[in-house]
1. Can you tell me the orientation of helix 346-359 relative to the chain, as the angle in degrees between its alpha-carbon axis and the longest Cα principal axis, to the nearest 10?
2. Find how many whole Å separate the alpha carbon centroid of the stretch 674-691 from the alpha carbon centroid of the stretch 598-635.
3. Using Cβ counts within 10 Å as a stand-in for footprinting exposure, how do CYS577, CYS290 rank, fewest first?
4. Tell me which of MET533, GLY649, PHE433 sits at the most positive position along the dipole axis of the chain, charges placed on C-beta atoms (Lys, Arg +1; Asp, Glu -1).
5. Based on Cα positions only, what radius of gyration and what Dmax would you give for the chain, in angstroms?
6. Cut-off under 18 Å on the C-alpha distance; same-chain residues fewer than 8 positions from LYS208 excluded. Which lysines are left, in chain and number order?
7. What are the ³J(HN,Hα) couplings of the stretch 131-148, residue after residue, when phi is run through the Karplus curve with 6.51, -1.76, 1.60 and θ = phi - 60°? Round to Hz, x for glycine and proline.
8. Which cross-chain or sequence-distant (5 or more) residues have an amide H under 5 Å from the amide H of ILE451, H modelled 1.01 Å from N in plane?
Amino acid sequence: MAKSLISLGMLLATLAAGAATITSPSGDIVLNFDVDAQGAPVYSVDYKGKTLVAPSQLGIVADETEFKDGFKILSTDTVTVDRTWQPVWGEYSDVRDHFRELAVNLKADDPQRLLTLRFRVFDDGVGFRYELPVQDGPNYLTVKKELSQFNFTDDHTLFCIPGDYDTDEYLWSETTFSKLPEALGSYHRHSEAQRTGGDVIQTPMLIKTNDSKNPVYVNIHEAALAGYPAMLLDVDVENNNMSSHLVPDRLGVSAYLQLPFATPWRTMIISDDARDILASQLIYNLNEPCAIEDTSWIKPMKFMGVWWEMFTGNEKTWAYSDDYLAKPGITDYSTLKPNGRHPANTENVKKYIDFAAENGIDGVLVEGWNEGWEDWASYRKNRQFLFDKAYPDFDVDALRDYAKEKGVKLIMHHETAANAADYELQLDRAFQFMKDNNYDAVKTGYVGAIIPRSEHHTSQWMVDHARHVIERAADFEIMVDSHEAPRPTGLARTYPNWLAQESARGGEFESMGGNPPSHTAILPFTRLKGGPMDYTPGLFETRMSYYNEGKDSQAGTTLARQLALYLTMPSPMQMACDLPENYQRFPDAFQFIKDVPVDWSDSKYLEAEPNRYITVARKDKNSDDWYVGTITDDKARKAEIDFSFLPKGQKFEATIYEDAPDADWKTNPQAYRIRKIKVDSKTRLRQHVAPGGGTAIRLVPVAK
Ligand code: NOJ
Ligand code: CA
């Protein structure tokens, strides 16, 4: 990092001690820093001439010592950086990293303490972090609290989910500071997860200020979370103030540190144009450059899976047998009686491989292929999965050869049942088994309470575990899609083999009560800022009653909207989640899933409002094709699609996959139409979008 800062030949200055101010390159954002009368570090943020974040305290409290007050400013350094980097995959082929930096070196006496606060101010927001150098005082710290405040000035609108140390699988509230307790009160505790209770929310969260003429949007999150626990926010609902709440282990310690140490960045993406929040790359910019030298093996992909079958209510199981009920402590799986409801069998997997091969889908995920599910389901809670031992009905060798012959990649599944300690012990063997059998990508899972039991899903130990798995996977040239892992903070820039994560309420919940249409109209403003989500779009059969008369669960979507999600929920690892037979029922709509890329050279956000609608245009990284996607909430709307992003003078044939005039997510979800029109950079389209609906457009240049 230091090297690239200096090599760019920018302005570097050391200012005299005293209050310091730094502005964004455009001048719209101003960051002020000072120490107060007690010597506590305090910052504030102005946006376009108005106070956005009022003076807010900073600090870290450890058992051994406190970095809280008594500070004097020793010196400040400022620097301007403007550089561009090329992500391995993503929404843009070039990302500009342009900021002004202010580093404040602080010193306190009796006892002596040193602390550097580093601020970076971009045109689209602010990041800051704590740097604790080696000092005369204690160099091992047992951190109990971080005192980063975000002191807002009014009773603004908040988009958030409840504070939880273990899961992010919640629906989003749109509330205000004062109404937050009411909004959070309705949530029950997730089975084995740990709700914090009180007025605590997760990051990433979004604020919309209540200036009705020109509201400002602020996404609060963190970047480069490593060696430290995830951050939640304590909300002081009376004073519109939020402060960091570090996830503790079950013994109440948040972080064990050895100095020198730099915390993750605390981030605020700021704009009065909601589209800028979606376009922002600030969190990636605050992460370290790619740590993997040769990235040629990292390949964005579309995949299908032996997966949705287990969610449709037809009693299909990950487990091979029901015998576990009678036989606790199974050692020899070949003695078990198959239950006949186990989709991860050789014959069924071949069907998926055939379908993927016929339709140009790169991969097939197989869940329930390995020994251990009976053990878990027996409630002995042993949770001992074996990642190199297949069930008797899953022929690893035959499927390896079959998939290879068909040009399809099988995707491994490692459900650890949150036995993270055991997974670490098996990791090298598990990855070697993958390589030996031609698997390049793995979906990991951590369902249940973490083993070791002193940890939470987002505590320091699990943050370290996640990074260890990613780094080791990179050593084996393996790509990862992690479920139930700490929510992403842009680390995929450094480890681009981390293609996707779940870390939110995903599409699987469409079979468990459903996700309201607004859900996918808020995730891109919040959860997705940390990195791509394995949301699992592509659901064509949206009513669970189709499979099971007793089940009334219904997905909050029309069929056409599911196509638009490939654009509004971008991910380099994108599933086509439905069953092959459902795609065969709607082959003309499935054509869009076959065509849509998963990697982009450019993206233009055309319309955006959190929880309401998103319209985005993206250019394929590997061709001259463009794509447009738009979604709405549960109200119909006319999207205004302005095609001026297209190259001038070039005509395109647009294939429009849209909701039929009478489509409605509740009453008529599968009514769609496909039409073709010619467009160019002068075209403006008023596009009907049904309640809970969406439109997906493919644009192919017309030969001149
Ligand atoms: C929860 C994951 O989100 C889901 O995708 C997976 O199928 C199950 N766990 C089983 O591992
Ligand atoms: Ca999950």
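1. Its long axis makes an angle of about 70 degrees.
2. One Cα centre to the other: 14 Å.
3. Going from least to most buried by this count: CYS290, CYS577.
4. GLY649
5. Both quantities, over Cα of the chain: 25.5, 77 Å.
6. LYS48, LYS50, LYS179, LYS529
7. Each residue of the stretch 131-148 in turn: 10, 10, x, 4, 9, 5, x, x, 10, 10, 10, 10, 7, 9, 7, 10, 10, 7 Hz.
8. ASN419, ALA420, ALA421
Every number in this text was worked out from the coordinates using simple rules, so none of it is lab data. Since we're looking at a predicted model, the values are computed, not measured. Virtual Cβ from ideal backbone geometry, glycine too; neighbours counted across all protein chains shown.
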